[in-house]
1. Pairs please, first residue from region 245-265 and over 22 Å from Thr333 (Cβ atoms), second anywhere and surrounded by fewer than 16 Cβ atoms within 10 Å (Cβ to Cβ) and not aliphatic (A, V, I, L, M), Cβ atoms under 6 Å, 6+ apart in sequence or on different chains.
2. Taking into account only those residues within region 153-187 that are among the aliphatic types (A, V, I, L, M) and more than 23 Å from the chain's Cα centre (by Cα), which is surrounded by the most Cβ atoms within 10 Å (Cβ to Cβ)?
3. For region 310-359, which positions are out of contact with any Leu (no Cβ under 7 Å at 6 or more places or on another chain), surrounded by 17 or more Cβ atoms within 10 Å (Cβ to Cβ) and hydroxyl-bearing (Ser, Thr, Tyr)?
4. Please determine, by comparing only the residues of region 284-306 that are assigned to a strand (DSSP E or B) and of a type in the set (A, V, I, L, M), which one is surrounded by the most Cβ atoms within 10 Å (Cβ to Cβ).
5. How do the pairs read when you match residues in region 212-236 that are at pLDDT 95 or above with residues anywhere that are of a type in the set (Gly, Ala, Ser) and part of a strand (DSSP E or B), using Cβ under 7 Å and keeping only pairs 6 or more apart or on different chains?
6. Would a scan of region 128-149 turn up a residue that is crowded, with 22+ Cβ neighbours inside 10 Å and either on the phi > 0 side of the Ramachandran plot or in contact with an Asp or Glu (Cβ under 6 Å, 6 or more places away or on another chain) (or both)?
7. Can you name every residue in region 373-384 that is in a helix (DSSP H, G or I), more than 18 Å from the chain's Cα centre (by Cα) and either among the acidic types (Asp, Glu) or crowded, with 21+ Cβ neighbours inside 10 Å (or both)?
8. Restricting attention to region 264-283, which residues are buried (at least 16 other Cβ atoms within 10 Å of the Cβ), hydrophobic (A, V, I, L, M, F, W, C) and in a loop (DSSP other than H, G, I, E, B)?
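The values are calculated or read from the model by the stated rules, or taken from the named source; none is laboratory data. If you're wondering where the values come from, they're calculated on a predicted model, not measured in any experiment. Here the Cβ positions follow ideal geometry from the backbone for every residue, glycine too, while neighbour counts run over all protein chains shown.
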Amino acid sequence: MKRLLVGLLVSLLVGLLVACGGGEAEPAAPAAEATQAETAPTAIVPLEEPTLPPPVITGGDGGSETTGGDTAVAEPAPAEPTEPTGPIVPWPADRFGYGIQVHGNASVGNPADTMNAVRNQLGMDWVKMQLKWPVIHPSPDADQWFFYDSVIEEANKHGLNLMVSIVGAPEWTRALGGENGPPDDYGQYTAFLNELLTRHPGQIQAIEVWNEQNLDREWTTSNGISPEDYVNFLRQSYETIKAQDPNIIVISGALSPTGPGDWVRWADDFEYLDRALAAGMLNYADCVGAHHNGYNIAPDVTAEAAPSSPEAQTAVFRGPFDNPHHSWSLKTTLDTYAQKVQAVDPNKKLCVTEFGWASSEGYDAIPTGFEFAQDNTLQEQADYIVQAFRQMHDSNAVWLAFLFNFDFGNKGNGPTDDPTPYSIIDTSGIPRPAYSAVSSMEKNP
């Protein structure tokens with residue numbers, strides 16, 4: 001599985017941020033390689049891996065999910081089912097959507113039990129899954145829809161609105177090789193969209209077109225990182241989706257919150273958004289995608305206020321406090337995105353397709369690079385999640401919000417697997433306090 005790694009501020013004396021842990025890193029906040037941005041007064045350095053992608057599928061003909069356990073992993077005890085009323089289509093423009101990301105692979109666990117819990121225990125009206133095009137078609141003739149079909153079908157059966165985030169392109173569609181960028185011919189991507197929507201008509205209510213395209217590892221092309229190229233890619237996708245089903249919400253790929261970038265390895269998300277907006281992105285998106293990892297500050301703490309917040313006195317992970325920058329703060333990041341978007345179109349909103357707080361409480365290990373998880377208790381994780389949902393709802397700037405995550409805890413490789421500390425179910429399949437908090441929180445339209 002690709003790893004999201006978060007950088008750690010190791011010394012006030014040297015003023016550097018160093019990427020922790022082997023493997024790749026992500027510019028989701030000031031962090032990573034020990035190089036300082038020349039224009040940044042606070043040494044913002046990026047990480048180099050996408051935000052919490054799904055586990056890697058292995059095996060060419062059928063394959064298996066790399067999970068570290070049987071597929072019959074423990075699920076929360078299912079609640080008494082209620083009669084599903086069906087997805088709400090079209091989703092009202094003035095209604096806030098409460099969502100959560102599930103593991104999304106039918107080979108692990110029971111999709112029916114998962115969707116029953118999301119609908120009838122957590123009381124969500126939206127669910128997100130990531131769908132990897134290379135898993136379905138690792139070669140031009142391969143057809144492995146069984147990894148995802150029943151997840152899509154069970155979401156629909158349980159009356160949930162489904163958002164699908166489509167990530168990666170098969171290596172055979174790219175002259176540069178790898179799966180970390182769009183196909184050379186964008187028409188191959190739109191053909192896949194047509195295939196998906198023809199296979200599952202009326203069962204998908206929103207599609208996020210790509211993921212964190214301001215990072216080289218997600219958008220490796222001969223032209224490099226290019227907001228203008230992405231807008232063209234989005235335009236073709238938008239037109240294809242709307243031709244199939246005009247009620248589907250098209251969400252632009254969420255950017256990775258970053259510090260100043262060189263536009264080779266990564267681009268500052270604020271700068272990238274400015275250029276994408278100038279290129280006409282809002283003409284081809286019903287909603288603007290956004291991501292944020294909560295790190296170890298509350299959702300209402302701005303980047304500027306973090307150093308004087310109570311958490312600054314006791315935190316082990318020092319990034320937000322000793323190296324303040326917008327990318328540490330959910331509030332500053334989302335507020336600025338909304339201001340930029342609504343300056344172009346006052347009616348356009350954000351869809352926060354990934355947010356959450358990691359807590360390592362109860363585990364004897366943490367993923368390398370996720371030291372901030374030590375600073376969040378399980379109760380804080382629960383409180384921050386509920387507060388963030390309420391805050392986004394009340395902002396009137398967010399349309400849909402998806403918590404990361406529901407069930408990666410008991411479907412991964414233990415406490416050191418990146419998504420595990422974010423999961424509201426622990427490695428034994430037992431709900432954490434956040435589970436009850438999400439279940440009982442008031443969900444206002």
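1. What qualifies is Asn247/Pro90.
2. Leu176
3. Result: Ser327, Ser329, Thr332, Thr333, Thr336, Thr353.
4. Filtering first and then ranking leaves Val288.
5. Filtered contacts from region 212-236: Glu212/Gly253; Glu212/Ala254; Gln213/Gly253; Leu234/Ser252.
6. no
7. Those that are in a helix (DSSP H, G or I), more than 18 Å from the chain's Cα centre (by Cα) and either among the acidic types (Asp, Glu) or crowded, with 21+ Cβ neighbours inside 10 Å (or both): Asp375, Glu380, Ala382, Asp383.
8. Ala267, Ala279
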